[in-house]
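Remarks on the structure that follows.
The values are calculated or read from the model by the stated rules, or taken from the named source; none is laboratory data. Values in this document were obtained by computation on a predicted structure and should not be read as measured data. Methodologically, a virtual Cβ is constructed for each residue, glycine included, from the backbone with ideal geometry; neighbour enumeration extends over all protein chains shown.
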Amino acid sequence: MTRKLLLHLTGERLCCWLWERGSLGTGPCFDHTPHGLAQFAGWLDGREDVPALMLADLVEEDFQRLLLPHVAGRAGLAMRDRRLAQTWRDTALRCAHLQGREDEGRRDDIVLFSALTNPAVLAPWLDTLESQRMPLAALYTPALLSGALLPEEARREPHLLLVTQHSSGIRQTYFQHGKVRFSRLAQAAASAEQEAERTRQFLVGAHLLTRDLPLQVLALLPLARIASPAAAANIAPLLDWRVMPLEEAAARQRLAASDNPDQLFLGLAARTAPASHYPLGARQRYYSLWRARKSLYASSAVIAACCLLWAGSNIVGFSLARSHTGQLRQETHGYSAEYKSSMSSMPPAVDKTSNMKAAVQIAQMVARQGPWPQTVLSILSEALERSPQIRLTQLDWRANAPGAVPVAASTAFPGAAPTPALVAPQSSMLIGIPKAPPQQMRLQAEVLVEQDDYRSVLLSMNRFAQELARTPGMVVEIEQLPFDIRPNVKLSGKAGSPAGLGERSKFTLNLRWTP
């Protein structure tokens, strides 16, 4: 957030400051009256897009430091919330801050409870901010902000009192080892030394400090208050005063030098922007909407930048592709000119180049897919080698076009009577265009076995047929058996006659193979 609206609230009025680019600018102040609230509402018109941070410097602020059992997670949050509700029932502006754990015993949690006990002082201003739809980001208190102003050596002090002088009065914040214990705001007219002595006596009475032990005091005061350091020793001899100029404290926080402690705390809140000290609840919804809107704007800007980069890359790619296209066109023109010059010296071609190319492709297709019998004969030869008792006596082969009328086995080969299917126009698939045609083969063979062994004859023929049928795409059909085994046929011949068995051992197979 580069621009922030800082609201400094005291018991009498509210002053507005504007943080922009690391510098703090003054604004108007409004009294705690109906007229002042109306003026404040009018001044907020047109500033709905600037997030607001409120610093409440009020007397009505209470602190309690307790030890609670160490409980983590949601159970610990619920336990602390119950303790807050039991301690301060009349205000919702209450919070719990974990300050570590004890070193011994059960190692309980050290928790600082704080609350703004008079919410009626803040309610009118918060209502005005909500009615103007102002994005209120956080609510701070100087007591919890002042820990960031301590030097490194002051954080190690067991007892330290930080004294700052504000427009609302003198604030004294007590630290133990750099952790806030409590804070109180006195009237501005009172003396800082006298108020510090009263705080020391309170610490002695509360058994937080030994009676004769000096109390370390760090004062963040303007240069005008540092003129007489001996006055503090006369008023309170048990106070060990160390004065740090506001200019040095501002330089430590990388803020502009100023003699106003209020500006120091406002600049610290604007620069560091810690989490809200007190929960705002529903009053923070406009800040949530403002943050969501800024996130959408940022994501839209990122998407727009990505789109611009993508469009730029496409434009660059288009220009490169266009230049490459020009180069390719020049190369194509050169190749075309060379081709024409080389073709002009050649004799006239018999046919067009496209037709010649198609003829070559058809010739290659016929040579590759033509109905040549080599493959099916190789299959038959391998089957005969595995069946030595089978001897081939006759073989007929032909190719069939798919879709043609099937040819009967008795008329598919020479010597059969012609049929209308045989005189039909021949298909181009008979020569392997566009794929290899199915092939048909009719073979006659005989079985060479011992005489009268009819069982071996049938077994040898079946094994031979099964060997052929193992080939993928091969269909084997037995047209004629070696002898007739039908039960209604009369047996004839003489047992033990070699001649009779030789005539019966012949069989006929029809093979259909689809490549």
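Output the number of residues of the range 58-75 satisfying the condition of being assigned to a loop (DSSP other than H, G, I, E, B) and acidic (Asp, Glu).
So the answer is 1.
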Residues within the range 1-39 that are exposed (fewer than 15 other Cβ atoms within 10 Å of the Cβ), more than 46 Å from the chain's Cα centre (by Cα) and of a type in the set (D, E, K, R), tallied: 2
Residue satisfying all of: in the range 354-382; touching a helix residue (DSSP H, G or I) at 6+ places or on another chain (Cβ under 7 Å) and either in a loop (DSSP other than H, G, I, E, B) or modelled with pLDDT of 90 or more (or both); nearest to Glu479 (Cα to Cα) among these: Pro371
Which numbered condition Pro28 misses (of (1) farther than 28 Å from Thr272 by Cα; (2) assigned to a strand (DSSP E or B)): (1)
Residue that is surrounded by the fewest Cβ atoms within 10 Å (Cβ to Cβ), among those in the range 263-315 that are touching a helix residue (DSSP H, G or I) at 6+ places or on another chain (Cβ under 9 Å) and in a loop (DSSP other than H, G, I, E, B): Pro274
Matching residues in the range 103-138 - criterion: being in contact with a Lys or Arg (Cβ under 9 Å, 6 or more places away or on another chain) and of a type in the set (A, V, I, L, M, F, W, C): Ile110, Val111, Leu112, Phe113, Ala115, Leu116, Leu126, Leu129, Met134, Leu136, Ala137
For Ala417: the one exception among (1) part of a loop (DSSP other than H, G, I, E, B); (2) among the aliphatic types (A, V, I, L, M); (3) at pLDDT 65 or above; (4) over 30 Å from Ala363 (Cβ atoms): (3)
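Here is a list: Thr26, Thr10. Which entry is in contact (Cβ under 8 Å) with a residue 40 or more places away in the chain and either of a type in the set (S, T, N, Q) or touching a strand residue (DSSP E or B) at 6+ places or on another chain (Cβ under 8 Å) (or both)? Lay out the reasoning, then the answer.
Details: Thr26 fails: in contact (Cβ under 8 Å) with a residue 40 or more places away in the chain.
Criteria check complete, one pass: Thr10.
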